[in-house]
Amino acid sequence: MKGKTVVISFTGLIVIIWLLTACGAPAATASNPTEFKVTATDFKFEPADLTLKAGQKIKLTMTNKGAIDHTWLLKDASGKELSQTLTVKNGETKSLEFAAPAAPGTYTLVCDIPGHKELGMVGKVIVQ
Ligand SMILES: [Cu+2]
């Protein structure tokens, strides 16, 4: 009786793994993200403005040519964060993958390190 329970649990585990693999694999290979390259300096983004398609998969690669750390973060008009924060140390290049907002419109991108936005580290993301 005890042995049978173990067998059922093991089978259940295999089914769960199979389901996760079957569901996860096609999504990961469905389409490659479109890469956008941005350079951060002290204190601006180049380019500051990006035009994306609604729902588009994005790979944002930022090179920090400044002397201090910078971030890249997408927000909506109410200040809600729409991407993870990409933090890049000076001299480094890092990437962030995310989906563009589903609703067309103009969004804000900022460096969220205190004071940087005020010094000019802002931009626009236009979603079409
Ligand atoms: Cu910054």
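The values are calculated or read from the model by the stated rules, or taken from the named source; none is laboratory data. What you see is a predicted model; the values in this text were computed from it and never measured. Here the Cβ is made from the backbone with ideal geometry for all residues, glycine too, and neighbour counts use every protein chain on show. Heads up: the accessible areas ignore ligands, DNA and RNA and are worked out on the full protein's heavy atoms, side chains in. Shrake-Rupley method; radii C 1.70, N 1.55, O 1.52, S 1.80 Å.
State whether one or more residues within segment 98-106 are assigned to a loop (DSSP other than H, G, I, E, B), away from the ligand (no atom under 16 Å from the Cβ), at positive phi and touching a residue at least 12 places away in the same chain (Cβ under 8 Å). No, that holds for no residue. So, of the residues in segment 84-97 that are among the polar types (S, T, N, Q) and not in a strand (DSSP E or B), which turns out to be farthest from the ligand (Cβ to nearest atom)? Taking the candidates together, the pick is 84.
Each row is one residue, and each column tells you yes or no for (1) at pLDDT 95 or above; (2) of a type in the set (Val, Ile, Thr); (3) at negative phi; (4) assigned by TED's automatic domain parsing to the domain that holds residue 109.
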{"residue": "17", "(1), (2), (3), (4)": "no, yes, yes, no"}
{"residue": "22", "(1), (2), (3), (4)": "no, no, yes, no"}
{"residue": "25", "(1), (2), (3), (4)": "no, no, yes, no"}
{"residue": "38", "(1), (2), (3), (4)": "yes, yes, yes, yes"}
{"residue": "45", "(1), (2), (3), (4)": "yes, no, yes, yes"}
{"residue": "58", "(1), (2), (3), (4)": "yes, yes, yes, yes"}
{"residue": "65", "(1), (2), (3), (4)": "yes, no, yes, yes"}
{"residue": "71", "(1), (2), (3), (4)": "yes, yes, yes, yes"}
{"residue": "75", "(1), (2), (3), (4)": "yes, no, yes, yes"}
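Scanning segment 63-80 for residues that are farther than 20 Å from residue 103 by Cβ, of a type in the set (A, V, I, L, M) and more than 10 Å from the ligand (Cβ to nearest atom) gives a single hit, 67.
Yes/no matrix, rows are residues, columns are (1) within 18 Å of the chain's Cα centre (by Cα); (2) farther than 19 Å from residue 42 by Cα; (3) within 11 Å of the ligand (Cβ to nearest atom):
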{"site": "82", "(1), (2), (3)": "yes, yes, no"}
{"site": "113", "(1), (2), (3)": "yes, no, yes"}
{"site": "116", "(1), (2), (3)": "no, no, yes"}
{"site": "126", "(1), (2), (3)": "yes, yes, no"}
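Checking each residue in segment 103-128 for being open to solvent by 20 Å² or more (accessible area, probe 1.4 Å) and within 10 Å of residue 72 (Cα to Cα) picks out 112, 113, 122. Every condition in (1) surrounded by fewer than 12 Cβ atoms within 10 Å (Cβ to Cβ); (2) under 24 Å from residue 32 (Cα atoms) holds for residue 67 except the one numbered (2).
Do we have any residue at all in segment 51-60 that's touching a residue at least 12 places away in the same chain (Cβ under 8 Å) and within 16 Å of the ligand (Cβ to nearest atom)? Within segment 51-60 (the criterion being touching a residue at least 12 places away in the same chain (Cβ under 8 Å) and within 16 Å of the ligand (Cβ to nearest atom)), the answer is yes, since at least one residue qualifies. Counting only residues that are of a type outside the set (S, T, N, Q) and open to solvent by 50 Å² or more (accessible area, probe 1.4 Å), segment 76-102 holds 11 of them.
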